Amino acid sequence: MFEIAVLPGDGIGSEVMDACIEVLGSLLKDQTRFGLDYIHSPGGAQYYADNGIALPESTLRACEDADAILFGAMGMPHIRYPNGTEVNPQLDLRKQFDLYAGVRPIRAIPGVPSVLADSRAAQIDFVLVREQSEGLFYGRLYPESQPKGDDSEAFDLGRITRKGSERLFDFSFRLARSRRAANPAKGRVTCVDKANVLSSLAFFHKIFWERAKLNPDIVADHCYVDAMALNLVKRPWDYDVLPTENQFGDILSDLAAGLIGGLGMSPSGDIGDRYGLFQPSHGSAPDIAGQGKANPTGMILSAAMMLDWLGERHGLPEACAEAARLKKAVDAAFATGRIHSFESGGKDGTQAITAAILGALARFGAATMS
């Protein structure tokens, strides 16, 4: 039995989390090799407004003791810390558990319209790997590092280290190798940086090529971040694994999600050497909270990532097989062409999308979905 810390958080977080746990219950109802035990824990911007703390000690301990963390969404635009920044406890969790690799799969799902007219949009399948322990978010993660100024200016301190860069690139090469094992057309790592302007990213760039030499079986290349923003719109199907700096990854992952139907379709995992946190790429979306409009697909696919991670970490192929079955059920639900989320201009919300995925799981058993 795997113990899962569940943090629904704010806004639509609890709505997509409820849908996710319902789908997981259906997926695993006949599973005899493992199960999931959920430990629901509070936290978030509203919790901060009510209690003066965003993540209580009990939640941190639950996450520390758990086998994995499922995270809905946290943060509300109108609730801020005294320094004016939003309450984003996910950043604190990344620091607490050293979740240095932000893994953002971007994959076209059958039946989900793309903003790209090119028929090759159906081939989109790449992964952004965002470095999450330093970069231009370093000052937010370590406020004691910030120089103290006066009211005439404000600035942020970025940081790139050899250790942080090496482990990011090593993670990316391993990921590319595993993706190539599943699909021989994959197996390419493209470093995304701004090495032509920023000395810290010239350092990042140098370390990438050092690690590439240690992984000669994987194709390695490079692209500046501004050119990558263009290329992701013009030819995203050309890419496989894209490691990049913290803020660049934050920006590019939203752009990339727009190519496959929106943030509601986009899962993610925050991975460290010991811990894993899994969450949709979207935020708390307070403008639609409580209206039943939230798309739970990103949350459900994040749970599939969690099952994959647990299976690989614990040598449990059954968990990996259930992850694959869940992804296939999502594909089958949307491939009918009858489900259209609000973000894609449709009228199907949380309940309808969840029901469609549950229906796909009911129609296709493990044997027929293998």
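For the reader, a short list of remarks on this structure follows.
- Net +/- balance of residues flanking P184 in space, Cβ distance below 15 Å, scoring K and R +1, D and E -1: +2
- Modelled spin labels at Y38 and A185, positioned 7 Å past Cα toward Cβ, are 3.7 nm from each other.
- With an a/c value of 1.5 or above and a/b not larger than b/c for the gyration tensor axes a ≥ b ≥ c computed over the alpha-carbon atoms, region 1-121 is described as oblate.
- Förster radius 35 Å - calculated FRET efficiency between E166 and H314, Cβ distance, rounded to 0.05: 0.85
- Take the Cα of S199, step 7 Å toward its Cβ, do the same at D118, and the gap between the two points is 3.8 nm.
- Length gained when the stretch D254-D65 is fully extended (0.36 nm per residue, less Cα-Cα span): 64.9 nm
- For T244, net neighbour charge (Lys/Arg +1, Asp/Glu -1) across residues whose Cβ lies under 9 Å away: -2
- Sites matching trypsin sites (Lys or Arg not before Pro) across region 69-174 that sit in DSSP coil, with at most 14 neighbouring C-beta atoms within 10 Å: K148
- Total lysine pairs in the chain at Cα distances under 20 Å, for residues eight or more apart or on different chains: 13.
- Centre separation in Å (Cα based) which lies between region 298-317 and region 205-277: 20
- Ranking of V127, V225, V233, V189 by neighbouring Cβ atoms within 10 Å, starting from the fewest: V233, V225, V127, V189.
- In this structure, the amide hydrogen of L36, modeled 1.01 Å from its nitrogen in the peptide plane, lies closer than 5 angstrom to those of F2, counting only residues at least 5 positions away or on a different chain.
- Seen from G337, the other residues with C-beta closer than 13 Å to its C-beta sum to a net charge of -1, counting Lys and Arg as +1 and Asp and Glu as -1.
- Arranged from fewest to most other beta-carbon atoms within 10 Å of their beta carbon, H78, H222, H314 become H78, H314, H222.
Read the figures in this text as sums done on the coordinates, not as results from a lab. The shown structure was predicted, so the numbers you read here are calculated from the model rather than taken from an experiment. Positions of Cβ are generated from backbone atoms using ideal geometry, with glycine treated the same way; all protein chains shown enter the neighbour counts.
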